[in-house]
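J.: There's a structure below that I have some questions on.
The values are calculated or read from the model by the stated rules, or taken from the named source; none is laboratory data. No experiment lies behind these values; they were computed from the predicted model shown. No Cβ is skipped: glycine too gets one built from the backbone with ideal geometry, and neighbour counts run over all protein chains shown. Just so you know, the surface numbers come from the protein's heavy atoms only, side chains and all, with ligands and any DNA or RNA stripped out. Shrake-Rupley method; radii C 1.70, N 1.55, O 1.52, S 1.80 Å.
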Amino acid sequence: MYETSDFRKGLKVQIEGVPFEIVYFQFVKPGKGQAFTRTKMRNMISGTILERTFKSGEKLEKADLEERQMQYLYPEDGFYVFMDTTSYEQLRLTPEQLGENKYYLLDNLMCSVLVFNEKAIGVTPPNFVELEIVETEPGFKGDTSGGTTKPAKCSTGLEIQVPLFINQGE
């Protein structure tokens with residue numbers, strides 16, 4: 001159990017059976033009355049933000065979260081298939097569950113999967129992923145005094161801004 005004095009950014013708690021992550025908190029000690037803590041928490045399943053005030057001394061449950069290392073295998077029928085390398089158990093996640101992280105997945109890539117009550121709720125790819133540029137305008141010589149960039153499309157569908165010297169196939 002966590003008390004309000006234990007609150008910090010990134011703390012994961014459980015409210016009414018749903019996991020939340022604290023994104024903002026502020027301790028307030030008014031001149032009159034009891035101290036309280038204002039919080040903003042992100043629902044880890046739906047992504048919505050909940051603003052809530054807790055009186056000093058209130059307790060919250062610790063979220064029953066587990067982080068597993070899994071290998072991304074391939075996309076199949078609108079799902080993304082992951083495999084636990086220890087038990088060889090396979091897991092299928094939807095694009096909504098992955099969010100923007102689906103653009104950083106390459107075959108056989110090891111990822112960190114966040115599990116709540118034996119159900120996957122999120123995936124974190126590695127910090128560095130090498131993607132191939134499949135579509136961009138050709139580079140040109142000329143005015144490069146500033147940090148000019150051009151749009152490029154990666155092999156996974158991710159669209160980013162790259163420097164002018166980057167070409168297709170790199």
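J.: Taking Thr4, is it touching a strand residue (DSSP E or B) at 6+ places or on another chain (Cβ under 7 Å), surrounded by 12 or more Cβ atoms within 10 Å (Cβ to Cβ) and without any contact (Cβ under 8 Å) to a residue 60 or more places away in the chain?
T.: yes
Yes or no, residue by residue, for (1) within 21 Å of Glu159 (Cβ to Cβ); (2) crowded, with 17+ Cβ neighbours inside 10 Å; (3) of a type in the set (Ser, Thr, Tyr); (4) free of Cβ contacts under 8 Å to residues at least 40 places away in the same chain:
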| site | (1), (2), (3), (4) |
| --- | --- |
| Leu60 | no, yes, no, no |
| Leu91 | no, yes, no, yes |
| Met110 | no, no, no, no |
| Pro126 | yes, no, no, yes |
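J.: Considering only the range 34-48, state which residues are more than 16 Å from Tyr2 (Cα to Cα) and open to solvent by less than 60 Å² (accessible area, probe 1.4 Å).
T.: Passing the criteria: Ala35, Asn43, Met44, Gly47.
J.: Here's a follow-up. Scanning for something assigned to a strand (DSSP E or B) and open to solvent by less than 90 Å² (accessible area, probe 1.4 Å), does the range 96-108 turn up at least one residue?
T.: Residues of the range 96-108 assigned to a strand (DSSP E or B): none.
Looking for residues that are assigned to a strand (DSSP E or B) and open to solvent by less than 90 Å² (accessible area, probe 1.4 Å), one finds none in the range 96-108, hence no.
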